[in-house]
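The values are calculated or read from the model by the stated rules, or taken from the named source; none is laboratory data. Not measured: the values here are computed from a predicted model. With ideal geometry, Cβ positions are generated from the backbone for all residues, glycine too; neighbour counts draw on all protein chains shown. Heavy atoms of the whole protein, side chains included, go into the accessibility calculation; ligands, DNA and RNA do not. Shrake-Rupley method; radii C 1.70, N 1.55, O 1.52, S 1.80 Å.
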Amino acid sequence: MMVLTLPDGKQLNAEASQTYSDVIAQHLPFLTKKALAVKVNGEEFDLSRTVDQSGNLEVLTFDSEEGKEVFWHSSAHVLAQAIKRIYPRAELTFGPVIKNGPGFFYYDIYLEDKISEDDLPRLEEEMQKIVQEKLPVSREVYERSKAIEEFKAMGENFKAQIIAEIPEGQTISVYKQGDFQDLCRGPHVPNTGSLGHFKLTAISGAYWKGDTANPQLQRIYGISFPDKKQLTAHLDLLEEAKRRDHRKIGRELDLFSFQEEGPGFPFYHNKGSILFNNLSAYIREQCTLRGYEEIRTPIMLSDELWVRSGHMANFKENMYFSTVDNRGFAIKPMNCPGSNLVYKTKMRSYRDLPLRQAELGTVHRHELSGVLHGLFRVRSFTQDDAHIYCTAEQLEDEIQGAIEFTTDVYKKFGFNEINTFIATRPEKAMGSDEVWEKATNGLINALTRKGLTYGIKEGEGAFYGPKIEFNVKDSIGRNWQLGTIQVDFSLPDRFELEYIAEDGKKHRPVMIHRAILGSLERFLGIIIEHYEGKFPLWIAPVQVRILTVTPAQEAYAQELKKIFLKAGIRSEADTSNEKIGYKIREWTSQKINYAVVIGAKEAEESKVALRKLGEQESETISVDEFISRLQSEIAG
RNA sequence: GCCCACAUAGCUCAGUCGGUAGAGCAUUUCCAUGGUAAGGAAAAGGUCACCAGUUCGAUUCUGGUUGUGGGCUCCA
């Protein structure tokens, strides 16, 4: 007799001869349909397994992350089965569940025939058929040599290789469903009928084990949901994301462009430039309020500096170089070395610390051509960077201040759901364990004191110190990684940074690198998509468009423009020879916050007919009233 | 950088089975003088990304270059 404890503390008795399906059918009938697999004492099993231990039992359904993984992993198997039915010569390789990318799962196959996007509907159909066939999924444990032999006999040479590489002592399991079998750790859903609706979302090339020297594989990405409605909802979300694509909106609203002459180097048009400047001004203002000093360091600095900073050793492939007067220079890929040179221009006292040096620094990084992507991934960008020099004792307070600063800024943009991660010591790292532990604890304590929960990204810290990463969720639920706070014990050493402490002796300060928006370019791209180009008034490049009903109001329109300019309101006038309906349409498509329509009546009485973007009604008010309303809205 | 796809007017896209191209929108001009999501007409606008090759002839076929898009870590 086994005793299983559910997450809510309820206990069930089970016979050793029973399977987990039996247990669920007997004790938890409401879960019979939804159950995909079980987790017993932290380990996941198929429902068809017999109960062989007492302990904690969790029934995995699509509602949990782990349940989704099982669902998607089984979906990948169905994809593979469909591929094998249509392309019997295809050889299977890997078919994992993924966290980011164009699908929830993919399957990499080796096949000489090219599969094209046009072939995907046929595969989807076959997958749907496999679900309707309700094939039971069974698990078998194999002995290594037998498994290799069998997969080789099936022509699955990649699978045979994978099996050969499985570490000694690990169980080799094979899952079968109908005419299909695949090597897999599992667990899987009990029956292909437990799966739902599929959509194959992308097809691309990949390499065996990600190495370009290896054979080229074809990768098919897919998504799946138990419910057709959920699938439709997700496809709608993808459509929505397409509508919000910052590259498209950037062109439509005349914000920025890219030119062949500068791949990866954005050109800001006037309106994009205003947005950029507004972001910068906001960050400057906030930095000043929080006791930061602003500096500006050169774009190009001599090679020796980059040797000293370690960038030549660690970052060279991403840097641009130049030779001037027979001396080597590098264009800065980061701002920290320049900031350190400023630090060293005078003897610093402990009374100067913490010294918070901010820089809106434009850096250049040579990214691989294939990864460039609108404003999200560029080769030249401006960071809202800052370097805080402080004593070890001040570290935690400074980190806490930086956290508060960061979350305040995100909230200003309506990013209310913020997730934080701590990236810990990587394998290759500088500094003693003790120092790392202290720094990591400093980060954890600061987060805890702010009442923030955090995830751990094991081994993902920088080589010179641990970091906090901030993630935000945008208006359509997508996650973006934005700022980081990093503790650095290495650069102060390399640059021999010092301050005179109370004891009259020289000490080494600790350095914190922090960026909130990260890259202004990327951040701008994110808020374009987040707001769908409908920026809040305070940051909008154009806040009001003046629309004349007839050309007779042109003079009044120009007068209003001047008045608005003086009042600090960004406006433009549409005095074109078009009907008002046409102008309203244009104004709407430009997503400008307000329209003021002026006809003969308004011009006569110094009034405006005000209409807000997204609203149908307009309201006639005096110019003064309009200005004071806008000013108070801008002030927030 | 690698793989696949794409590159035709400012934008979105047709088209040419090899005989140098077209629409809608935008632009300009004219008419209409208008009240909250497209009034009408006309004109102008292209070395069909770039460089070679094949051909009597290439925007079209072939190769290369550049740029753009989707991928290229997830692990049986």
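Summary of computed values
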{"quantity": "Counted residues, region A:211-229 - those being at pLDDT below 80, more than 6 Å from RNA strand B (Cβ to nearest atom) and surrounded by fewer than 11 Cβ atoms within 10 Å (Cβ to Cβ)", "calculated": "2"}
{"quantity": "Strands (runs of 3 or more DSSP E) completely within region A:518-623 that count 1 or more residues being more than 23 Å from A:F415 (Cα to Cα) and under 36 Å from the mean Cα position of the chain (by Cα)", "calculated": "A:544-548, A:571-574, A:594-598, A:607-612"}
{"quantity": "Checklist (1) in the same structural domain as A:Y110 (by TED's automatic domain parsing); (2) more than 8 Å from RNA strand B (Cβ to nearest atom); (3) β-branched (V, I, T); (4) assigned to a helix (DSSP H, G or I) applied to A:I249, failing item", "calculated": "(1)"}
{"quantity": "Check on A:R570, closer than 30 Å to A:I485 by Cα and open to solvent by 50 Å² or more (accessible area, probe 1.4 Å)", "calculated": "no"}
{"quantity": "Close pairs from region A:568-585: first under 17 Å from A:K612 (Cβ atoms), partner within 6 Å of RNA strand B (Cβ to nearest atom) and hydroxyl-bearing (S, T, Y), Cβ under 9 Å, at least 6 apart", "calculated": "A:I580/A:T550"}
{"quantity": "Qualifying residue in region A:385-401 (condition: hydroxyl-bearing (S, T, Y) and within 22 Å of the chain's Cα centre (by Cα))", "calculated": "no"}
{"quantity": "Residue pairs meeting the criteria (Cβ under 9 Å; at least 6 apart or on separate chains; first closer than 21 Å to A:K228 by Cα, in region A:115-126; second among the aromatic types (F, W, Y) and open to solvent by less than 40 Å² (accessible area, probe 1.4 Å))", "calculated": "A:L123/A:F198; A:E124/A:F198"}
{"quantity": "Selected residue (criterion: farthest from A:S606 (Cα to Cα)) from residues of region A:531-555 that are within 13 Å of RNA strand B (Cβ to nearest atom) and open to solvent by 20 Å² or more (accessible area, probe 1.4 Å)", "calculated": "A:E532"}
{"quantity": "Matching residues in region A:428-441 - criterion: being open to solvent by 40 Å² or more (accessible area, probe 1.4 Å) and part of a loop (DSSP other than H, G, I, E, B)", "calculated": "A:K428, A:M430, A:G431, A:S432"}
{"quantity": "Single match in A:G401, A:G361 (criterion: more than 16 Å from RNA strand B (Cβ to nearest atom) and within 16 Å of A:T288 (Cα to Cα))", "calculated": "A:G401"}
{"quantity": "Residue list for region A:456-487, restricted to those being free of Cβ contacts under 8 Å to residues at least 40 places away in the same chain and charged (D, E, K, R)", "calculated": "A:K457, A:E458, A:E460"}
{"quantity": "Strands (runs of 3 or more DSSP E) lying entirely in region A:45-148 (those with 2 or more residues that are out of contact with any Leu (no Cβ under 8 Å at 6 or more places or on another chain))", "calculated": "A:137-142"}
{"quantity": "A:T391 vs. criteria in contact with a strand residue (DSSP E or B) (Cβ under 6 Å, 6 or more places away or on another chain), away from RNA strand B (no atom under 16 Å from the Cβ) and either over 27 Å from A:Y282 (Cβ atoms) or among the β-branched types (V, I, T) (or both)", "calculated": "no"}
{"quantity": "Elements of type strands (runs of 3 or more DSSP E) contained in region A:165-210, each with 3 or more residues being open to solvent by 10 Å² or more (accessible area, probe 1.4 Å), closer than 30 Å to A:G370 by Cβ and in contact (Cβ under 8 Å) with a residue 40 or more places away in the chain", "calculated": "A:197-207"}
{"quantity": "Checklist (1) within 27 Å of A:L253 (Cα to Cα); (2) more than 8 Å from RNA strand B (Cβ to nearest atom); (3) open to solvent by 60 Å² or more (accessible area, probe 1.4 Å) applied to A:R585, failing item", "calculated": "(2)"}
{"quantity": "Options A:L31, A:L60, A:L47; residue that is among the hydrophobic types (A, V, I, L, M, F, W, C), modelled with pLDDT under 90 and farther than 23 Å from A:L237 by Cβ", "calculated": "A:L31"}
{"quantity": "Checking A:E149 against (1) more than 9 Å from RNA strand B (Cβ to nearest atom); (2) open to solvent by less than 70 Å² (accessible area, probe 1.4 Å); (3) out of contact with any Asp or Glu (no Cβ under 8 Å at 6 or more places or on another chain), the condition it does not meet", "calculated": "(2)"}
{"quantity": "Considering residues of region A:293-327 that are part of a helix (DSSP H, G or I) and of a type in the set (K, R) only, the residue surrounded by the fewest Cβ atoms within 10 Å (Cβ to Cβ)", "calculated": "A:K316"}
{"quantity": "Filtered residue count, region A:442-455, keeping only those that are closer than 24 Å to A:S432 by Cβ, open to solvent by less than 40 Å² (accessible area, probe 1.4 Å) and in contact (Cβ under 8 Å) with a residue 24 or more places away in the chain", "calculated": "4"}
{"quantity": "Index of the failed condition, A:A330 passing every other in (1) assigned to a strand (DSSP E or B); (2) surrounded by fewer than 17 Cβ atoms within 10 Å (Cβ to Cβ); (3) in contact with a His (Cβ under 9 Å, 6 or more places away or on another chain)", "calculated": "(2)"}
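A quick yes/no check of all residues on (1) buried (at least 16 other Cβ atoms within 10 Å of the Cβ); (2) under 30 Å from the mean Cα position of the chain (by Cα):
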residue	(1), (2)
A:S17	no, no
A:N41	no, no
A:F45	yes, no
A:E58	yes, no
A:V70	yes, yes
A:S75	yes, yes
A:V78	yes, yes
A:T93	yes, yes
A:F105	yes, yes
